[in-house]
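The values are calculated or read from the model by the stated rules, or taken from the named source; none is laboratory data. All figures in this text were calculated on a predicted structure; none of them were measured in a lab. Here the Cβ positions follow ideal geometry from the backbone for every residue, glycine too, while neighbour counts run over all protein chains shown. Note: accessible area is taken over every heavy atom of the protein model, side chains too, but ligands, DNA and RNA are not part of it. Shrake-Rupley method; radii C 1.70, N 1.55, O 1.52, S 1.80 Å.
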2 protein chains.
Amino acid sequence: MKNAGSVGIVRPEKIAFDTPLTLSNGRVLSRFDLMVETYGQLNEQKSNAVLICHALSGNHHVAGRHSAEDKYPGWWDNMVGPGKPIDTDRFFVVGLNNLGGCHGSTGPTSLNPQTGQDYGADFPVVTVKDWVKSQAMLADHFGIRQWAAVVGGSLGGMQALQWTIDFPDRVRHALVIASAPKLSTQNIAFNDVARQAILTDPDFNEGHYARRNTLPGRGLKIARMMGHITYLAEDGLGKKFGRKLHSDGYQYGYGVEFEVESYLRYQGDKFAGRFDANTYLLMTKALDYFDPAADAGNSLSKAVQHVQAKFFVASFSTDWRFSPERSKELVNALIATGKAVQYIEVKSNHGHDAFLMEDEPYIRAVAAYMNNVYKDIRS
Amino acid sequence: MKNAGSVGIVRPEKIAFDTPLTLSNGRVLSRFDLMVETYGQLNEQKSNAVLICHALSGNHHVAGRHSAEDKYPGWWDNMVGPGKPIDTDRFFVVGLNNLGGCHGSTGPTSLNPQTGQDYGADFPVVTVKDWVKSQAMLADHFGIRQWAAVVGGSLGGMQALQWTIDFPDRVRHALVIASAPKLSTQNIAFNDVARQAILTDPDFNEGHYARRNTLPGRGLKIARMMGHITYLAEDGLGKKFGRKLHSDGYQYGYGVEFEVESYLRYQGDKFAGRFDANTYLLMTKALDYFDPAADAGNSLSKAVQHVQAKFFVASFSTDWRFSPERSKELVNALIATGKAVQYIEVKSNHGHDAFLMEDEPYIRAVAAYMNNVYKDIRS
């Protein structure tokens, strides 16, 4: 974006909630923390707040840097900032780490107040509904009655959709990007392979690896390598790596042979070094369980019938994890019940990861939609 | 097929080769065995022989049963037998376990004559070219100068193609089914995740698990589960399992939740119990290396310019591992060089595994083509 800037140096904030939260599985968290970052100013009417929901491995650090030396900015820095599509000169933007996360919010690596030890595997499985419930408490904390917009890609888009169903009058606009109204059988299958890789790692120790000073890094690496392939399109992978060799000639062994192997192993190692395995397991389960139509007689139209939000739905041509067809299921259900929805299918060779990328028509579409959101809250 | 029967009780035969075989990587096998099954009678002119090449996890046991109590017949029993598309009343059909296999042919589980111990990880990485070389020695053993047809699906189809390039006058017809002229970047990436799962299993012991009395079953299970997803189409998976739960209601844990998880884990365990991990590694490398165009200036047309065989090429609409586009690359190269080729794209919801299934138009097309092969050898 022309003249677009950065939110600059940002500081996360941990917000404590001492009201008990009852989860979908019946268990109760007596208290919990949410790690949060905010950018921009909340206006007097508190009508300009935008919630950013993260995907499987995301967190509260959406934009800016934590210090001048920070190598990388937040995960959606190309989308959020002054003059950017989600314009922090106009909106008060809230990013959070979800419950069960491993970046400061209460999760498997936190202390269990009941035992004085880390939760580890004892942290309850949470659902998208649970997250939305906790995010509503976060809205209350800021005094936000209604979000101008709830925005998310992938698993984040599922939270945006769930918000409009569970709190119809608290969401003015929902931006659901590269998402799906529920996982396909293949999606669930891939998730289960990832989980099995972690669960069968001898260093997993039934999820209490921290106490035993082990790390199921092998399993987490395998899970991430596989996941990574499903985020990318053959188009993009082929263009970037093709069959390029890492060294001259074939090695006839099991070291790195093709460049794509080097790339994937590096990605896997990096992830295994920074992410918590129990959190990874939780996140994949939240994906599996998400199915708002199931609570409405398997009718997605029925599930969205009381929705008041207007929708922006975007999908990407080469996304085979959550293909355009999956977005259209949602679009069709919204149209069938007379809701306002704008839909764009973006031509991209970035696969599922396109929602994090710079494909120009996509960035422009979000900017245009958020411009209308801004007009809407000022009218 | 109407009136189609079984080849009945069959007996594998181990054939010893005492001529040294120089492999693509320069290493020499001083001797080797190939485990073989044959069905039907070789005619006097030795003109009716059909070679069946197997895919990643296949072997010599193509048709029939080893005993009356055998629960399952050979892996291509629906295709090979009296009155079946590859009609054993007409053809002498040869199935073999490839070099490096784990079903009786010389491979990682065999004794290394140099050391008196099992090869394990010391067994050399073999290529499709090496297999074809060894299969030519097998043809010589039977006195077969020219195969009426070389037939294979997936990795088997790659062998059929390599045969026509390396021994142009020894193949009359090649049936290349659900295959590709080389792996895509995504294919290689999935293979590497599978390998990493095996290589990083603590019980792998650098490939010498047999000597240490361990088995890298966890890794092999993960590899197979992931592989299995890539063999199936979402179409078929969705129809078979959808989001069906294994028990009533969500479990909110990491046991089996959805039916598809139960199915995949079962498949993974079964495979890990019957297949050798070193062989699995070898087979994936043979897939990765296969790229006949690479030896011809990256031109597939040049690679096939001296081919004399006529081709039957088949692909399946929902095969996303080796999509119809990949088959068309081969078809186009053959057409460009004036070769005879018949191509069929079969509508199927069985994904890559369709080549092993009963989709009627596919079975009928192979039967019709093999009928012409029979006419051809009698003319």
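Worth pointing out:
- Computed Kirkwood radius, in angstrom, where 1/r is averaged over Cα pairs of region B:276-353: 14.0 Å
- Whole-Å distance, taken between Cα centres, linking region B:276-314 and region B:198-240: 25 Å
- With every protein chain in place, the protein assembly as shown: carbon and sulfur % of accessible area (1.4 Å): 48 percent
- Choice from B:185, B:115, B:318 with maximal GNM fluctuation in chain B (Cα, 10 Å cutoff): B:115
- Summed over qualifying helices (DSSP H, 4 residues or more, each -39500 (n - 2.57)) and divided by its residue number, chain B shows a 222 nm mean residue ellipticity of -11000 deg cm²/dmol.
- Trypsin sites (Lys or Arg not before Pro) within region A:307-379, DSSP loop, no more than 12 other Cβ atoms inside 10 Å: A:347
- Over region B:118-258, relative contact order from alpha-carbon pairs under 8 Å, at least 6 apart, %: 17 percent
- Shape analysis of region B:174-255 yields a ratio of the Cα radius of gyration to the Kirkwood radius, Rg/Rh, of 1.10.
- For residue A:169, inter-copy separations between label points set 7 Å beyond Cα along the Cβ vector come to 8.9 nm, shortest first.
- Environment charge of residue B:352, counting only residues whose C-beta is closer than 9 Å and scoring Lys/Arg +1, Asp/Glu -1: -1
- Excluding same-chain neighbours fewer than eight residues apart, the aspartates and glutamates reachable from residue B:302 by a Cα-Cα span under 20 Å are B:166, B:169, B:291, B:325, B:329.
- Restricting region B:42-92 to trypsin sites (Lys or Arg not before Pro) in coil, as DSSP defines it, with at most 11 other Cβ within 10 Å: B:71
- Legend: calculated FRET efficiency, residue A:262 to residue A:70, from the Cβ-Cβ distance at R0 = 25 Å, rounded to 0.05, equals 0.45.
- Residue with peak Gaussian network fluctuation, chain A [Cα springs, cutoff 10 Å], from A:282, A:300, A:29: A:29
- Between copies, the label points of residue A:375, set 7 Å from Cα on the Cα→Cβ line, lie 6.9 nm apart, reported in increasing order to one decimal in nanometres.
- Equivalent ellipsoid dimensions for region B:148-194 as semi-axes, Å, which come from the Cα gyration tensor, largest first: 25, 10, 7
- Once backbone amide H atoms are built at 1.01 Å from N, residue B:258 has B:246 as its partners under 5 Å, excluding neighbours fewer than 5 places away on the same chain.
- Computed on the Cα atoms alone, the convex hull of the protein assembly as shown gives a volume of 178 cubic angstrom per residue.
- Using R0 = 60 Å, the C-beta based FRET efficiency linking residue A:214 and residue B:244 works out to 0.95.
- Globularity index of chain A, i.e. its alpha-carbon radius of gyration over 2.2 N^0.38 Å: 0.98
- From the C-alpha gyration tensor of region B:209-270, square roots of 5λ in Å: 27, 16, 7
- Equivalent ellipsoid of region B:315-374: semi-axes from √(5λ) of the C-alpha gyration tensor, largest first, are 20, 17, 7 Å.
- Where only C-alpha atoms are counted, convex hull volume of region A:41-113 per residue in Å³: 130 Å³
- Sites residue B:117 and residue A:89 - FRET efficiency at Förster radius 60 Å, r taken between beta-carbons, to 0.05: 0.25
- Neighbourhood net charge (12 Å Cβ-Cβ; Lys/Arg +1, Asp/Glu -1) for residue B:270: +3
- Label-point distances for residue B:235 to the equivalent site in the other copies, using a point 7 angstrom along Cα→C-beta, read 2.2 nm when ranked shortest first.
- Accessible area that becomes buried as A packs against B, both chains, 1.4 Å probe, Å², nearest 100: 4700 Å²
- Paramagnetic reach from residue A:251 in region B:178-196 [backbone N under 14 Å; point 7 Å along Cα→Cβ]: B:192-193, B:195-196
- Among the GluC sites (Glu not before Pro) in region A:5-58, those placed in a DSSP loop whose Cβ has at most 10 other Cβ atoms within 10 Å are A:44.
- List of region A:171-195 residues, accessible area with partners at least 30 Å² below that of the chain alone (1.4 Å probe): A:185, A:186, A:188, A:189, A:190, A:192, A:193
- Summing +1 for each Lys or Arg and -1 for each Asp or Glu among the other residues whose beta-carbon sits under 11 angstrom from that of residue A:326 gives -1.
- Share antiparallel - DSSP beta bridges, chain B, percent rounded to 5: 30 percent
- Each listed q (0.15, 0.17, 0.19 Å⁻¹) maps to a log10 I(q)/I(0) for region B:110-208, found by the Debye formula over equal Cα scatterers with no solvent: -0.81, -0.93, -1.00.
- Long pairs among A:221/B:270; A:270/B:328; A:240/A:328, criterion Cα-Cα beyond 31 Å: A:270/B:328
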